[in-house]
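Visitor: Could you have a look at this structure, given as structure tokens, before my questions?
The values are calculated or read from the model by the stated rules, or taken from the named source; none is laboratory data. Keep in mind that this is a model prediction, so the values were computed, not measured. Please note: Cβ atoms are built from the backbone with ideal geometry, for glycine as well, and neighbour counts cover all protein chains shown. When the accessible area is computed, the model is the full protein with side chains, heavy atoms only, and any ligands, DNA or RNA have been set aside. Shrake-Rupley method; radii C 1.70, N 1.55, O 1.52, S 1.80 Å.
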Amino acid sequence: MENDLIEHAKQVLRDNDRGTYTVPTHGLYPFQWNWDSALSALGFAHFDEARAWTEIDTLFENQWDDGMVPHIIFHQVDEGYFPGPDIWGTERPVPTSGITQPPVAGFAVRRMYDRATDKPLATARARALLPLIHAWHQWFYLNRDPQGTGLVAIIHPWETGRDNSVDWDVAFQRVPTEGVAPFTRRDTTHANPAHRPSDEQYKRYIWLVQKFRNLGWDNTKLHDASPFRVVDPGFNAILIRSCADLAELADELGEPTIAAQSRAMAQKGNAAMATLWSEEYGQYLCYDRISGTLIESPSVAGILAAFADIPPDKAAALTRRIESLAEACNYLVPSHDPRAAEFEGLRYWRGPVWLIVNYMIADGLKRAGKSEMVDRINADCVRLIHRSGFAEYYDPITAEPCGGAHFTWTAAMVIEILS
Ligand code: 2M8
């Protein structure tokens, strides 16, 4: 039974494979996405290590000169997605978007290296990727933490990957909609519009893109110029974990400077995470860098923080928090607390379960010794797949499969969990 699932998952990866990169799913997302690729490579690594390394290589071939790794790479023309390269106007040799995504590649590369059966290949690829990933991490702290707080901000909701999270609702009101050129959405022709972000949110997404494009995509200006600057604990945890993992990898590969710098970034980030902790919510919260306040929104971002090496008392508290969420849903871990008024079980990042998020939470809790909760989260992932297939995401109460079907990173996580 489990073997059938793994075989099915491999087939999903093969079907979405475009040779040197993978699309998240046919139709809805016809290009290469940054964190989708890094996490999907982990799935490929179980049956084709060379192909897994190529996935990450392709991503970094499109790294910008300043170190940023873009969130979408438009390898071919496809009118089925909006906003396409013309809207972004980044003028890259291979067109890309102009913003980034959760930097999970450092974590993925270390894991691929550690597990590699083809060590010469892994050593060569990891050695080549090491300075590139490090440059991306440095880019973050330089451009997205200009005050040196230890925590980076995102300047567009698409950067966190949690596009329409409740977390942004208030801060996003600061982004105007006036002056946005008329556009036609494409996502709503592939997925149920009632499950997608609203038109109002799309206007604000595009307003920000226009704003940044008018600033020539100059990252030294974008952070301060953006009316949307939010510090996301999940995003920062991914960066911190990738820095820490890169430090270990650099040690192994005999790169002491990268190791020391990576370790220093991880330590500073880890210490600063304490400022995002909320005793009242029993989890970490987002922080609005413009209003200077914590965002009172009980989303999964504050639980994903477990992916970094947080203090044991915080890992214990997050475990209790997940136990409490389990009382309000049938499948862990909902992307928003089902008891909150804003919860929507079918609407994208406002409540549904995402397997990639589950995987990273479980990985962090495993390191913290919370094996019972890890087993529970993994079991829920497998129950979801048995019941509803390889969907983009799932309703945490009914298990209804939502968004795109035949989804690459969902399949990759299944291979990770079951192998
Ligand atoms: C979703 O985001 C894209 C924009 O980047 C979209 O809705 O058009 C998010 O779920 C994001 O996390 C993910 O990387 C992407 C592709 O799967 O889709």
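Visitor: Can you work out which of the residues in the range 173-193 that are within 15 Å of the ligand (Cβ to nearest atom) and open to solvent by less than 80 Å² (accessible area, probe 1.4 Å) is farthest from the chain's Cα centre (by Cα)?
Guide: Looking at residues that are within 15 Å of the ligand (Cβ to nearest atom) and open to solvent by less than 80 Å² (accessible area, probe 1.4 Å), I get 183.
Visitor: Another question about this same structure. Of all residues in the range 197-253, how many are within 30 Å of residue 115 (Cβ to Cβ), outside any helix (DSSP H, G or I) and under 21 Å from the mean Cα position of the chain (by Cα)?
Guide: 1
For every residue, the table says whether it meets (1) within 16 Å of the ligand (Cβ to nearest atom); (2) surrounded by 15 or more Cβ atoms within 10 Å (Cβ to Cβ); (3) over 14 Å from residue 153 (Cβ atoms); (4) of a type in the set (Val, Ile, Thr).
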site	(1), (2), (3), (4)
199	yes, no, yes, no
203	yes, yes, yes, no
207	yes, yes, yes, no
216	no, no, yes, no
222	no, yes, no, no
233	no, yes, no, no
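Visitor: Can you name every residue in the range 362-419 that is among the aliphatic types (A, V, I, L, M), within 26 Å of residue 31 (Cα to Cα) and not in a helix (DSSP H, G or I)?
Guide: 391, 405
Visitor: Do we find a residue being touching a strand residue (DSSP E or B) at 6+ places or on another chain (Cβ under 7 Å), in a helix (DSSP H, G or I) and either open to solvent by 30 Å² or more (accessible area, probe 1.4 Å) or modelled with pLDDT of 95 or more (or both) anywhere in the range 259-269?
Guide: No: the range 259-269 contains no residue that is touching a strand residue (DSSP E or B) at 6+ places or on another chain (Cβ under 7 Å), in a helix (DSSP H, G or I) and either open to solvent by 30 Å² or more (accessible area, probe 1.4 Å) or modelled with pLDDT of 95 or more (or both).
Visitor: Could you run through the range 91-100 and say how many residues are open to solvent by 20 Å² or more (accessible area, probe 1.4 Å) and either free of Cβ contacts under 8 Å to residues at least 24 places away in the same chain or aliphatic (A, V, I, L, M) (or both)?
Guide: Final tally of qualifying residues: 4.
Here's the yes/no breakdown for (1) closer than 27 Å to residue 9 by Cβ; (2) in contact with a Leu (Cβ under 8 Å, 6 or more places away or on another chain):
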| site | (1), (2) |
| --- | --- |
| 314 | no, no |
| 319 | no, yes |
| 323 | no, no |
| 331 | yes, yes |
| 335 | yes, no |
| 340 | no, no |
| 344 | no, no |
| 347 | yes, no |
| 350 | yes, no |
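Visitor: Keeping to the range 38-60, report how many residues are open to solvent by less than 10 Å² (accessible area, probe 1.4 Å) and free of Cβ contacts under 8 Å to residues at least 60 places away in the same chain.
Guide: Of the residues in that region, 3 qualify.
Visitor: Could you look through the range 129-172, keep only residues that are closer than 22 Å to residue 393 by Cα and either assigned to a helix (DSSP H, G or I) or out of contact with any helix residue (DSSP H, G or I) (no Cβ under 8 Å at 6 or more places or on another chain) (or both), and pick out the one that is farthest from the ligand (Cβ to nearest atom)?
Guide: Per the criteria, the residue is 169.
Visitor: Which condition number does residue 237 fail, the rest of (1) open to solvent by 10 Å² or more (accessible area, probe 1.4 Å); (2) closer than 30 Å to residue 405 by Cβ; (3) away from the ligand (no atom under 15 Å from the Cβ) being met?
Guide: Failed condition: (1).
Visitor: With respect to the numbered conditions (1) buried (at least 18 other Cβ atoms within 10 Å of the Cβ); (2) touching a Leu at 6+ places or on another chain (Cβ under 9 Å), which one is the sole condition not fulfilled by residue 23?
Guide: Here residue 23 meets the rest and fails (2).
Visitor: Looking at 125, 213, 174, 162, can you tell me which residue is modelled with pLDDT of 95 or more and under 25 Å from residue 334 (Cα atoms)?
Guide: Exactly one residue qualifies, and that residue is 162.
Visitor: Let me ask something additional. Can you tell me how many residues within the range 91-108 are within 19 Å of residue 213 (Cα to Cα) and part of a loop (DSSP other than H, G, I, E, B)?
Guide: Selection size over the range 91-108: 10.
Visitor: Go through the range 375-403 and count every residue that is closer than 26 Å to residue 103 by Cβ and open to solvent by 10 Å² or more (accessible area, probe 1.4 Å).
Guide: Total meeting the criteria: 3.
Visitor: Give me the residue from the range 363-391 that is free of Cβ contacts under 8 Å to residues at least 40 places away in the same chain and charged (D, E, K, R) and, out of that set, nearest to residue 333 (Cα to Cα).
Guide: 375
Visitor: Same structure again: Considering each of 25, 20 in turn, give the residue that is more than 14 Å from the ligand (Cβ to nearest atom), among the hydroxyl-bearing types (Ser, Thr, Tyr) and in contact with a helix residue (DSSP H, G or I) (Cβ under 9 Å, 6 or more places away or on another chain).
Guide: 20 is the lone residue from the list that is more than 14 Å from the ligand (Cβ to nearest atom), among the hydroxyl-bearing types (Ser, Thr, Tyr) and in contact with a helix residue (DSSP H, G or I) (Cβ under 9 Å, 6 or more places away or on another chain).
Visitor: Just wondering, is there one or more residues in the range 335-343 that are assigned to a helix (DSSP H, G or I) and either under 21 Å from residue 233 (Cβ atoms) or in contact (Cβ under 8 Å) with a residue 40 or more places away in the chain (or both)?
Guide: Looking through the range 335-343, none of the residues is assigned to a helix (DSSP H, G or I) and either under 21 Å from residue 233 (Cβ atoms) or in contact (Cβ under 8 Å) with a residue 40 or more places away in the chain (or both).
Visitor: Further, regarding this structure: Counting only residues that are buried (at least 18 other Cβ atoms within 10 Å of the Cβ) and part of a helix (DSSP H, G or I), which one in the range 61-90 is nearest to the ligand (Cβ to nearest atom)?
Guide: Among those that are buried (at least 18 other Cβ atoms within 10 Å of the Cβ) and part of a helix (DSSP H, G or I), it is 88.
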